[in-house]
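See structure below.
All of the numbers you see were taken from the coordinates with simple rules; none came from a lab. These figures come from a predicted structure and were not determined experimentally. Cβ placement follows ideal geometry from the backbone for every residue including glycine, while neighbour counts extend to all protein chains displayed.
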Amino acid sequence: MYYRLSTLWQSWNEQYYREHCQVPAVDLTSLTSPPLAGSKRRVSPLSSERPPKKVYKPSSQTSSATSDGFVYNTKYRILVCITCESIIQPKPTSCYTHLNLVHHITGPLCKALLERFATYDLCPFKELTIPCKRAPRIPGLKIQDGFRCNVCPSLISPAYLTINKRQMDKHLSQHNLGLTPKKAWEAGRCSKCLVQTFSLAKGRIRYFEVV
């Protein structure tokens, strides 16, 4: 009697568990969502497959603009860098340094440009002639708003030129005009103008007036 009751109790527990407690099996593969558009694909570290490496390829517009960004001026015998708006010092080492370090031009393009620069008759920087009078603008060189001293003789040597108004006021005081800077401006002792310089490097700036 006891054995039959125990068996019935066990059978009832198993039936109750199956009907109310047991969770049906679910296929986990069906729950995997498809990858989102634009998302990176994950690769197992044990897989032999690897994502392709990115290879940088410069655009043809960049190469063209760089290779055409240097102008040789036959009148002054200078090589102008259009990007820097200044001349390149007429030395093979200076040309290489400018291409390599300033513009990061290397390889065949750098070699081709150096060979091209070597064909130019470049004037040494110390021998460059600074225009004493107003001169036509030199293509490629930076054009800046400046100030001209009208007291300095400009027939023998270039007039004092600067792009800094305070420097011009300081210069006018050296002429002992007996005028304040404001009165000197009103009297026409100095005036505004446009200037250029062959080099923008520190210690090599020598302005000349252009039209």
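Quick rundown of the values:
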{"read-out": "Where labels lie 7 Å past Cα in the beta-carbon direction, separation of D121 and R204 in nm", "value": "2.2"}
{"read-out": "Whether the range 83-173 is rounded, prolate or oblate, judged on the alpha carbon gyration tensor where a/c under 1.5 counts as rounded", "value": "prolate"}
{"read-out": "Flagged links, alpha-carbon separation over 19 Å, of K142/K192; K111/K142; K142/K202; K133/K182; K75/K192", "value": "K111/K142; K133/K182; K75/K192"}
{"read-out": "Computed over the range 104-211: relative contact order in percent, which uses C-alpha pairs under 8 Å that are six or more apart", "value": "31"}
{"read-out": "Environment charge of F198, counting only residues whose C-beta is closer than 10 Å and scoring Lys/Arg +1, Asp/Glu -1", "value": "+2"}
{"read-out": "Karplus (6.51, -1.76, 1.60) ³J(HN,Hα), θ = phi - 60°, over the range 179-194, in Hz, Gly and Pro reported as x", "value": "10, 6, x, 5, 5, 5, 5, 5, 7, x, 6, 8, 8, 7, 7, 10"}
{"read-out": "Placed amide H near L194: partners under 5 Å, 5+ positions off or other chain", "value": "G146, V210"}
